[in-house]
Amino acid sequence: MLRNHPKSKNGIRFSIKFAMALERHIICKPDEVPEGEGKAFTVSGLKIALFKVDGEFYALEDRCSHVNVPISNGYVHKRELCVACSWHGAEFDLRTGHVMTPPACENINAYPVYIEEGNVVLEIGVE
């Protein structure tokens, strides 16, 4: 992950990109998350919703930005690759965390996740 840092030199503005360090966390075995569903985890103090769709994993911040309730128990739409909040139906893209339908209007964080040596591994950027 990269973050921009605006800096001025001789009246000219430019950006310096700083690489963020990534922490890798083994969070579970692949068969611990049911197909087409989500499961809640806490990793380094962060609440994470892990979803499994057609054998692929997606990790999002475990909160609906509309009312701050967990989305790990939301309804997973396999074809659209999104999850609907169980409270008011706001939908979030499983790949990006972007809002797809109201009432939510703020995106949530998405995290890289993959299978390595028989484990589901999550990466979290740290500064």
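No value in this document is a laboratory result; all are computed from the given coordinates. On a predicted model such as this, the values are computed, not experimentally measured, just so you know. We place every Cβ from the backbone using ideal geometry, glycine too, and count neighbours over all the protein chains shown.
Just how large is the dipole of segment 21-126 about the Cα centre, in debye to the nearest 20, putting +1 at every Lys and Arg Cβ and -1 at every Asp and Glu Cβ?
Numbers: 9 positive and 16 negative charges, 42 e Å.
Charge dipole of segment 21-126: 200 debye, to the nearest 20.
What is the spin-label model distance, in nm, from His88 to Glu117 if the labels are put 7 Å beyond Cα along the C-beta direction? About 4.4 nm, to one decimal. Each residue of segment 66-82 is assigned a 3J(HN,Hα), and the resulting list reads 7, 9, 6, 10, x, 9, 4, 9, x, 7, 8, 9, 5, 5, 8, 6, 9 Hz, derived from the Karplus form 6.51 cos²θ - 1.76 cosθ + 1.60 (θ = phi - 60°), x at Gly and Pro. For a Förster distance of 22 Å, can you work out the FRET efficiency between the beta-carbons of Glu80 and Glu32, rounded to the nearest 0.05? Result of the calculation: an efficiency of 0.35. Between amide H atoms placed 1.01 Å from N, distances below 5 Å from Gly89 occur with no residue 5 or more places distant or on a separate chain. Backbone amide hydrogens, once placed in the peptide plane, bring Gly74 within less than 5 Å of Ser86, excluding anything fewer than 5 places away on its chain. Placing dummy labels 7 Å off each Cα toward the beta-carbon, the span from Leu46 to Glu23 is 0.9 nm. If you look at the Cα atoms of segment 29-127, you get an Rg and a Dmax of 12.5, 40 Å. For segment 37-83, what percent of Cα pairs sit more than 16 Å apart? For segment 37-83, the share of Cα pairs beyond 16 Å comes to 33 percent.
Placing a label point 7 Å from the Cα of Asn73 along the Cα-to-Cβ direction, the residues of segment 37-54 whose backbone N falls under 17 Å of that point are 37-42, 47-51.
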